[in-house]
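For reference, the structure is listed below as structure tokens.
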Amino acid sequence: MGGVNYVSRRRAALQPEDPDEESWEELVPPPLPPPPRPLASTAAGSWGGQEAPGAMLGKGAGGSGAKPAKPSFVSYVSPEEIHIKEPIEKEVNLHLLPGELLLCEANTVLKCVQEDGSNRGACGKLICTNFKIAFLGDESASDDNEPEFKNKIIGENDITLHCIDHIYGVYDEKKKSLSGQLKKYPDKLIIYCKDLRVFHFCLRYTKEEEVKRIVSGIVHHSQTPKLLKRLFLFSYATAAPTNADTQNQTVMFDAIKDWREELERTKGNMKYKVLSANEAYKVSEKLPLYFVVPMSLSEERILQYQGRGIPIWCWSCHNGASLLKMSAFPKEQEDNTSQMHKIFLDGVYKTINKPPYEVLKTDDLSSSLPSLQDIQAAYTRFKQLFLIDNNSTDFWDTDVKWFSLLESTNWLEIVRRCLKKAIEVVEYLEEQNTNVLLVEENASDLCCVISSLVQVMMDSHYRTKFGFQSLIQKEWVMGGHCFLDRCNHLRQNDKEEAPVFLLFLDCVWQLVQQYPPAFEFTETYLTVLSDSLYIPIFSTFFFNSQHQKDANMSGEGHNAQSSHFRFLTVWDWSVQFEPKAQVLLNNPLYVDKPKLDKSQRKTTRFKHHRQLSLPLTQTKSSPKRGFFREETDHFIKNILGKRISKLINSSDELHNNFSEFYDSWHCKPVDFHGLLLPHIEGPGIKVWAQRYLRWIPEAQLLGGGTVATATKILDMIEEVQRLQKKMDEKHSPTVTQGREALPMLRNSARLSSLFPFALLQRHSLKPVLPTSTWKDLEDEDDLAKRDDEFVDLSEVI
């Protein structure tokens, strides 16, 4: 649901052409400094020597291919002023958060937006604070234009400083990256955001002094390296009032009882124990205060190498097999040190290779999955497809080569490989009853991705909203994922930046869109969660470890009154959204897992919901003497960071087992509360359309997509509730209330397929665009003899 399955984006629904939209309107600009340089313009409107989108569309519709007329007059109205709304007299107030300070501002700034094939704009004020960049214009003056899915922290024209990806200035029609000290200031500012929005601000009519202040301020506060305690996170935590009444059902895993309850829930408390040896971080600053290890491991071994080489428990399967992770020892060490590490690992392995523990399978993720540098490079190429530079012509130009461009990024292939690796781990746990140990240098990047995906696939608890949030707390926040470095919040080291958490969310989205009824949350929830990475009022995604957070909890450099910071957690969604908007985060199709009676519970207590439907396989023969010795060698080589030439099984045998397990599962009916395996074939992996295409009007399907599907389903739910109400009225005077339907979907004809992030369409009519086939053939000799080819999917809907 909601994905782009290597399908051309020109299938977006386009409405018939509005003849009124073809006229070009020239409005007198507000009182300005000396007029700009003259611009040659044609009757159709010229864009600085390039063909205007309206002219391009007219040329496509005409099919004659005639050359545009030569400039017949000189216009002193710049291209940015076409369709500019006159400023309103009513002052638009700036809303400041607690601790937010106004740093600089500039008046008479034009925000340029391309809409319906024409260049539009709004005149207003551009403001920079220590939290965000905000544009105050007249666009939101009317309540009718206010989006219904509104974030209370970030407005439509707000950009948090951490969400800024790149800043460019336009000098004489040339775009240059802005950083450091500027000697010359641009006429136009282009801001690329990490949530894939693109903002264009024309500064041509702004006072020179204000241009210098606003451009220098934005570049300095968003692009230069920062100290941790200079982040707005600390300013907000100091000034914001405390909310002691907040009740959060998410398990934070910051107390020892949370780990014990999780062990008991997964039946892992018979083989594993919770350690408090890291209190005051005596073992390692990268580990949480409390973590789980095999019972047979002594505390002396754990303290010996600061937690490295120690198998740490993640989750236990219904059959007793467990998922573990381990931080590997550094590579390229001296022979003596390497030998000591080998002896240590040999001793650790001997303590857990005997009953009650199952056979152990190690997997070095650094050799079987792409590196962080490869992930970052792939995502950099991938996001360029969606950063449309405010020009619909650029969007349609890429439509011709969309398939090859998408494939060349390699992002979807990385998503597929992560899902495939997770299925391999599931096969060992579920089919072969084998413990799996994931190994990585710090066990805080790809280990988090794979371990979290395995638990989402195998444990329906983690497919609920609170369960999923608890999983992120356990595996990512307490697991020591370096959010501060991977998101590059401090702008100190670009080499450490990598979208690892976004990769995980993309993989989860693949599962959500393949099995929607299995998840209590929606894709909108995942999109909002990805946006929250760059909102610095929540501490969840702004530290590298729990130790770093605890070390900065005290306000030593601040007033004595602020002796202890009170950070917000991102899981309190009421901070960002009103209850009406939070409804869109919950899946109306989700049905809770049925609770079994006591008699049923006794017979199926240790049975997996999916187990009986899986194919029977030959049981493994008991390992012969010497097997563990051979496995220990491979195990130690993995931990020491050296690639191994083969796994326990040969590659052919591994492939056959995986294929048999994968194909057999997909031949059975799906139990949405049991095991889930995603489709990983080429067509099965899709583009997360809601996140990546939500700001591109041309990619939207008006009145269609998932919104139309959800509306029909909600209509049926509403009808069932009405019938149930009538039946209850006959049997009982007290009528039970049914589930409240989504109020924002009642008029889905006005909504986009990318709802709720795409704004309500204020201009319902769009020009009909030629397909890419037209663009491929427009230079052919017989083109004039052919009829124009259009795609108007409004008729299909």
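General observations
- With respect to (1) more than 16 Å from the chain's Cα centre (by Cα); (2) within 20 Å of T527 (Cβ to Cβ); (3) open to solvent by 10 Å² or more (accessible area, probe 1.4 Å), the lone exception for Q513 is condition (1).
- Pair list, Cβ under 9 Å, 6 or more apart: region 90-103 residue assigned to a loop (DSSP other than H, G, I, E, B), other residue loosely packed, with under 12 Cβ neighbours inside 10 Å and at pLDDT below 95: P98/P241
- Just one of the listed residues (L693, L723, L675) is of a type outside the set (V, I, T) and in contact with a strand residue (DSSP E or B) (Cβ under 8 Å, 6 or more places away or on another chain), and it is L693.
- Of the set (1) farther than 30 Å from D258 by Cα; (2) surrounded by 14 or more Cβ atoms within 10 Å (Cβ to Cβ), all apply to N336 but (2).
- Given (1) touching a Cys at 6+ places or on another chain (Cβ under 6 Å); (2) open to solvent by 50 Å² or more (accessible area, probe 1.4 Å); (3) of a type in the set (K, R), index of the condition K350 fails: (1)
Yes/no per residue for (1) surrounded by fewer than 21 Cβ atoms within 10 Å (Cβ to Cβ); (2) at pLDDT below 85; (3) within 21 Å of V449 (Cβ to Cβ):
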residue	(1), (2), (3)
A277	yes, no, no
Q306	yes, yes, no
C317	no, no, yes
S322	no, no, yes
S327	no, no, yes
E332	yes, yes, no
H341	yes, yes, no
D346	yes, yes, no
S371	yes, no, yes
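- Any chance V449 is modelled with pLDDT under 95 and either surrounded by 24 or more Cβ atoms within 10 Å (Cβ to Cβ) or small (G, A, S) (or both): no
- Scanning region 694-713 for residues being in a helix (DSSP H, G or I), of a type outside the set (G, A, S) and open to solvent by less than 80 Å² (accessible area, probe 1.4 Å) gives a total of 7.
- Qualifying residue in region 714-732 (condition: open to solvent by less than 20 Å² (accessible area, probe 1.4 Å) and either touching an Asp or Glu at 6+ places or on another chain (Cβ under 9 Å) or at pLDDT below 85 (or both)): yes
- Qualifying residue in region 130-146 (condition: in contact with a Pro (Cβ under 8 Å, 6 or more places away or on another chain), open to solvent by 20 Å² or more (accessible area, probe 1.4 Å), in a loop (DSSP other than H, G, I, E, B) and at pLDDT 90 or above): no
The values are calculated or read from the model by the stated rules, or taken from the named source; none is laboratory data. Here the structure is a predicted model, which is why all the values come from computation and not from measurement. So basically every Cβ, Gly included, is an ideal-geometry build from the backbone, and we count neighbours across all protein chains shown. With ligands, DNA and RNA removed, areas are computed over all heavy atoms of the protein, side chains included. Shrake-Rupley method; radii C 1.70, N 1.55, O 1.52, S 1.80 Å.
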